[in-house]
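Here the structure is laid out as structure tokens; the discussion comes afterwards.
No lab work stands behind these numbers, since they all come straight from the coordinates. Being a predicted model, the structure only gives us computed values, none of them experimental. Note that each Cβ is placed from the backbone with ideal geometry, even for glycine, and that neighbours are counted across all protein chains shown.
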Protein chains: 2
Amino acid sequence: MAVTLEGKNKFVPPPDLGNKCPEDDVRRFITDCMKAVGVPQENALLMADILVEADKRGHYSHGLLRTEMYLADMLKKLCDPCATPTVLKENASTALVDGNNGLGPVVSKFCMDLAIKKARETGIGWICNRGSNHYGIAGVWAMKAAEEGMIGMSFTNTSSLVVPTRSVKPVLGTNPIALAAPAEGGNFVLDMATSVVAGGKVEKKVYEGKPLPENWSLDKEGNPTTDAKKGLEGFLLPLGGAEETSGYKGFGLGMMVEIFCGIMSGGTYGPNIRDWTKADRPADISHCFVAIDPSCFAPGFESRLGDLMNYCRNVQPVDPQKPVMVAGDPERINSEKMKADGGITYDMSLIEEMWKLAKYLGVKPLQSV
Amino acid sequence: MAVTLEGKNKFVPPPDLGNKCPEDDVRRFITDCMKAVGVPQENALLMADILVEADKRGHYSHGLLRTEMYLADMLKKLCDPCATPTVLKENASTALVDGNNGLGPVVSKFCMDLAIKKARETGIGWICNRGSNHYGIAGVWAMKAAEEGMIGMSFTNTSSLVVPTRSVKPVLGTNPIALAAPAEGGNFVLDMATSVVAGGKVEKKVYEGKPLPENWSLDKEGNPTTDAKKGLEGFLLPLGGAEETSGYKGFGLGMMVEIFCGIMSGGTYGPNIRDWTKADRPADISHCFVAIDPSCFAPGFESRLGDLMNYCRNVQPVDPQKPVMVAGDPERINSEKMKADGGITYDMSLIEEMWKLAKYLGVKPLQSV
């Protein structure tokens, strides 16, 4: 389902490319690609930061891999690389923002900065926007607030892929929920699709030639399937899976995200959002950003949260080889591994695609060993 | 696991009791019971309203059935029927409240009223409290905001019953999330435990003599079980079930609820909360209440939400006998059925228990036909 730029494939990558890339050069490469299609320096650097952060955290489906999708939208003039968001309506603690069809991360940074500012003044800031584009992993925006000592939340709507319980017609996207909160011993970072799994995980099973676990996907006729290819052509079940195991709760959470995004902002919502594999019109994605100042409540927030997280990490696991982890731990472990490795390791196929992309855009290829 | 008052069982109910009760008399009966143990009139009426609303919506585990649990805590002096909450800390959009060990619904009404007031002034009100008791169904508090044209949310922590992914030791309660929002054609009301199912659903399977669906429960040794009795003695899985089907997401949502409740308010949290079957000390439950004014965002909120909900209701179902429903629909259907029936129908065993309770407390028994 990856977006491919026409004409890129005439370039043939050399056979001796490596697949481990220094973090700084991945950032440089993405920045160069963005600038090559007209993204201003400041926005290009932001795009690079957001995508590299996703890779470091192990969410490869939202990192370097997505560069081409962003470029394709800009080359087709479906997204404006230079746009800056505007505030349409404002109250002490809230704002409605128009992203003016700018880059998702540009709109998101604007909105989360505003949420944090309002949280400093009134205890909480709640910002909804429309007119945006793909914003990367939901977690990074929530983490921006946590870095400032705040509780941060971020939500976004996305193209329809998830079926409501009892039907096989997709109505909602994988509509993620992210919540980050500062804690002693490492921040809490929940970053989850409201489907059983994100679409990228089904795609990964196809590449690996493995079957899907039960209760992930339906084929395009709406039958439950463990065939990864059929699942990829089909639809995702909401978190909880079947009706018997409360899949309607996951669908309800997806609706909650859509209420915070398209319904509150007045943007496109639910089944009206464009198919992300067919970029034929602006995406008009809506997001929602929240910052809450924990110092407005009981003192000692970070200590209590750290205590509860450590309690979870230390409860006896069923399998001693698989300790209990708290939201944010897998990503922290991944980031530390990348640092120790001295670079980010990618699939060779992505490295080759990025080499072709460099030639196509006329920018310096990604360094790899 | 029902709480029973000692000495109540010496009363033997007559054999000719009916099991359908006029709504107004259920309200009268609960009010009388509350007043019999020293609850002031105003608080007793509120308790009755909240419990009757749960029954009408079909959440019998949180209605008349719970009357005895509330009475037992008050008779043991573990909960103060006369307490009024106090604001400990306040900002333009936030407040920290001490429930002073008052009745859960009394504390909750105080907090949600304050959230709505702040939302009128600043666009949003976010209130956390500690020092409360069981607050009934989460949904009714969110609905209070929706009745005022606001988006309402309510969260509460509860006694530990839910295991983290990879362990068999319960750390969190069923920590519910409720969100209500005004919509044309009937409000959206999501009211869900963050476990696969609430504990009451396992209890119901025991009464019915039916097995549990897979992925609901673990036995007390931590093995997956479909034996309802073993499940009732054991623990609940978080929404999503096993690790393979993303149970860690449900656990992460339970953590989010605990962050909004015990962690933000400075109350008791996670595994430190008392076992609800052993009421040996005050519960010190924390809740969180949020009201958001949708008029601070794009005009037309109720119309857009109604449109999306109707779209969901009208998508083709797999089984024409089972149409797609949106959060709030099953409860609305149940309430309408109760109204058409001219009363609330209970299990005969509950009717008999309530007859004994009336005799024990010296109040007029519940009318039934």
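Could you pull out the pairs from A:K220/B:K322; B:K230/B:K322; A:K205/B:K249 whose alpha carbons sit more than 25 Å apart here? Where the Cα-Cα span goes over 25 Å, the pairs concerned are B:K230/B:K322.
Remark: the range A:244-313 carries a charge dipole of roughly 100 debye about the Cα centre, counting +1 on each Lys and Arg Cβ and -1 on each Asp and Glu Cβ. Each of B:T277, A:S108, A:Y70 was placed along the dipole of the protein assembly as shown (beta-carbon charges, centred on the mean Cα), and the one lying farthest toward the positive end is B:T277.
Sorted ascending by nearby beta carbons within 10 Å, beginning with the fewest, B:C33, B:C296 become B:C296, B:C33. Remark: label point of B:S295 defined 7 Å out from Cα along the Cα-Cβ vector; separations to the same position in other copies 3.4 nm, ascending.
Model label points for A:K364 and B:S349, set 7 angstrom from Cα along the Cα-to-Cβ axis, are 7.5 nm apart.
The residues A:H59, A:H287, B:H134, when put in order of fewest to most other Cβ atoms within 10 Å, stand as B:H134, A:H59, A:H287.
Note on the range A:117-238: with charges restricted to the Cβ of Lys and Arg (+1) and Asp and Glu (-1), its dipole about the Cα centre is near 300 debye. Size descriptors for chain B, from the alpha-carbon set: Rg then Dmax equal 20.5, 61 Å.
Taking every DSSP beta bridge that has both residues in the protein assembly as shown, what percent is antiparallel when rounded to the nearest 5? Provide the component values of the computation, followed by the final result.
On the way: 70 of 82 bridges.
Once the DSSP bridges in the protein assembly as shown are tallied, antiparallel ones form about 85 percent.
Could you sort out which of B:K201/B:K339; A:K20/A:K356; A:K204/A:K364 sit more than 19 Å apart by Cα distance in this structure? With Cα atoms farther than 19 Å apart: B:K201/B:K339; A:K204/A:K364.
Rounded, prolate or oblate: which fits the range B:140-204, taking a ≥ b ≥ c as square roots of the Cα gyration tensor eigenvalues, rounded meaning a/c under 1.5, else prolate when a/b beats b/c?
Working: a/c = 3.17, a/b = 2.49, b/c = 1.27.
Prolate, since a/c reaches 1.5 and a/b exceeds b/c.
When only C-alpha pairs under 8 Å and at least 6 residues apart count, what is the relative contact order of chain B, in percent?
Numbers: 815 pairs, mean separation 83.3, N = 369.
Computed value for chain B: 23 percent relative contact order.
Based on Cα contacts under 8 Å between residues 6+ apart, the range B:1-104 shows a relative contact order of 22 percent. With the cut-off at under 20 Å, measuring from each backbone N in the range A:28-70 to a point 7 Å along the Cα-to-Cβ line of A:T4 picks out A:61-70.
Cα centroid separation, the range B:38-91 to the range B:178-196: 22 Å.
Ranking request for peptides A:18-24, A:159-165: highest mean number of other beta-carbon atoms within 10 Å first, then the rest in descending order.
Working: A:18-24: 16.1, A:159-165: 23.4.
Listed from highest to lowest mean packing, they are A:159-165, A:18-24.
Considering only chain B, the C-beta nearest to the rotation axis that sends B to A is found at B:S93, 2, the distance in whole Å. Taking B:D49, B:D347, B:D284 as the candidate residues, the one with maximal mean-square fluctuation in a Gaussian network model of chain B, Cα springs under 10 Å, is B:D347. With θ taken as phi - 60° and the Karplus curve 6.51 cos²θ - 1.76 cosθ + 1.60 applied, the whole-hertz 3J(HN,Hα) list for the range A:75-85 is 5, 7, 6, 8, 9, 9, x, 9, 5, 10, x Hz, x standing for glycine and proline.
Counting only other residues whose beta carbon sits under 9 Å from that of A:G266, what net charge do I get with K and R as +1, D and E as -1?
Around A:G266, the charge tally is +2.
Roughly how far apart, in whole Å, are the Cα centres of the range B:1-30 and the range A:257-289? Measuring centre to centre over Cα atoms gives 52 Å. Across the range A:191-345 the C-alpha pair distances fall into 10 Å bins from zero in the proportions 9, 21, 34, 27, 9, 0 percent. With Cα atoms as the point set, the radius of gyration and Dmax of the range A:91-151 evaluate to 11.2, 30 Å.
Taking a straight Cα-Cα cut-off under 17 Å and skipping sequence neighbours fewer than 8 places away in the same chain, the lysines within cross-link reach of B:K118 are A:K118, B:K89, B:K109, B:K144. Relative to the Cα centre, the charge distribution of the protein assembly as shown, modelled as +1 at Lys and Arg Cβ and -1 at Asp and Glu Cβ, gives a dipole magnitude of about 100 debye. Take each residue of peptide B:319-331, count the partner chain Cβ atoms within 10 Å of its Cβ, and average: the result is 3.
Quick check on chain B: helices-only [θ] at 222 nm, where DSSP H runs of length 4 and up contribute -39,500 (n - 2.57) each and the sum goes over total residues. Nearest 500, please. Could the numbers behind the result be given before it?
Details: 11 runs with 137 residues, N = 369.
Counting only the DSSP helices, I get -11500 deg cm²/dmol.
Would you kindly calculate the mean projected area, averaged across all directions, of the convex hull enclosing the Cα atoms of the range B:255-351, in square nanometres? Please report the intermediate quantities before stating the final value.
Working: hull surface 48.3 nm².
In nm², the orientation-averaged hull projection of the range B:255-351 is 12.1.
Between the residues B:L236, B:S335, B:G250, the greatest Cα displacement towards the positive end of the dipole of the range B:228-369, with unit charges on the Cβ of Lys, Arg, Asp and Glu, is found for B:S335.
Quick one: compute the contact order of the range A:306-369, relative version, from alpha carbon pairs under 8 angstrom and 6+ residues apart, as a percent. Relative contact order of the range A:306-369: 15 percent.
Starting from the label point of A:A340 at 7 Å along Cα→Cβ, the same points in the other copies fall at 6.4 nm, in ascending order.
Using a 7 Å projection from Cα along Cα-to-Cβ, the label point at B:N272 is separated from the same position in the remaining copies by 4.8 nm, smallest value first. Our compactness index for the protein assembly as shown, the C-alpha radius of gyration over the empirical 2.2 N^0.38 Å, is 0.97. Rg and Dmax, both from the Cα atoms of the range A:216-281 and both in Å, are 14.0, 38. Ordered by the count of other Cβ atoms within 10 Å of each Cβ, fewest first, B:V12, B:V37, A:V197 give B:V12, B:V37, A:V197.
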